[in-house]
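Written below as structure tokens is the structure these notes are about.
Derivation of every value follows stated rules applied to the coordinates shown; laboratory data play no part. Given the structure is predicted, the values throughout are model-derived calculations rather than measurements. As a convention, Cβ positions derive from the backbone with ideal geometry for all residues, glycine included, and neighbour counts pool all protein chains shown.
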Amino acid sequence: MSAERITLAPGAPPIRGARVVPEARSAVSHALARARSAALAEGLARGRAEAQARAAGALDAAAEELETERRRACDALGESAVELAFEIARELVRVEVSAARHDIERMVRDTLESSSVGRSRCVVHLNPADVQALEGVPFRSGTTLEPDIGVARGDVHVETSLGLMVRELDGALESIAESLREMVR
């Protein structure tokens with residue numbers, strides 16, 4: 001074999017006249033193979049660790065996004081429940097009023113009491129069907145029941161010297177619904 005130039009370490013002066021014998025080549029090949037295997041194993045381990053770290057980060061981000069969506073869904077569910085309850089209540093009130101199962105006498109008396117005019121003269125505007133239902137029911141002196149087609153059944157409008165007091169079923173339901181909406185926000 002011819003003389004080869006061998007360098008032992010980077011920057012080290014070459015060794016002249018040395019040659020590699022077949023046994024040494026085999027040892028060098030094995031050493032290189034072991035070094036390659038070790039480097040490959042180290043690279044795989046490092047790559048696996050980096051991939052696991054990225055996956056864990058992605059999993060954390062997905063969990064945070066899922067929690068945000070869960071909260072948003074819960075909020076929307078609360079709002080939807082209020083709206084559904086409001087529509088059910090409104091429909092029930094309509095059915096009860098249509099069937100004349102509302103206590104219009106109590107509603108008129110409560111409204112008169114809330115008007116704070118005592119026994120002063122007042123005009124109670126009611127739907128004609130509600131006026132008919134109250135025929136013969138005595139109210140305090142100075143109180144007149146006036147049929148008014150512009151007033152929905154179940155609503156009570158009391159005209160006094162202090163002004164007009166209005167009690168409307170839809171308005172009361174809407175007020176309740178708004179209170180519930182505030183509670184779920």
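Annotation: the residues Leu169, Leu66, sorted from fewest to most other C-beta atoms within 10 Å of their own C-beta, follow the order Leu66, Leu169.
Here's the picture: charge each Lys and Arg Cβ at +1 and each Asp and Glu Cβ at -1 in segment 50-129, and of Val97, Ser115, Gly57 the one pushed furthest to the positive end of that dipole is Ser115.
When DSSP beta bridges are restricted to pairs lying wholly in the chain, around 65% turn out antiparallel. Once the Cα-Cα distance is subtracted from the 0.36 nm per residue extended length, the Ala41 to Arg101 segment shows a gain of 13.2 nm. Taking a sphere under 10 Å around the Cβ of Val151 and counting the other residues whose Cβ falls inside, with K and R at +1 and D and E at -1, yields a net charge of -4. Quick one: helix 104-114 against the long Cα principal axis of the chain, what's the angle to the nearest 10°, folded into 0 to 90? Taking Cα atoms only, the helix is inclined about 90 degrees. Of the Cα atoms belonging to the chain, the radius of gyration and Dmax stand at 45.1, 136 Å. Only helices enter this figure: runs of n ≥ 4 DSSP H residues, each worth -39500 (n - 2.57), summed and divided by the residues of the chain, yield -21500 deg cm²/dmol at 222 nm to the nearest 500. One equal scatterer on each Cα of segment 83-185, no solvent, Debye formula: the resulting log10 I(q)/I(0) at q = 0.13, 0.18 Å⁻¹ is -0.51, -0.87. Taking other residues whose beta carbon is less than 10 angstrom from the beta carbon of Val137, and scoring Lys, Arg as +1 and Asp, Glu as -1, yields -1. Determine the sum of side-chain charges near Met107: Lys and Arg each +1, Asp and Glu each -1, restricted to other residues whose C-beta is under 10 angstrom from that of Met107. In short, -2.
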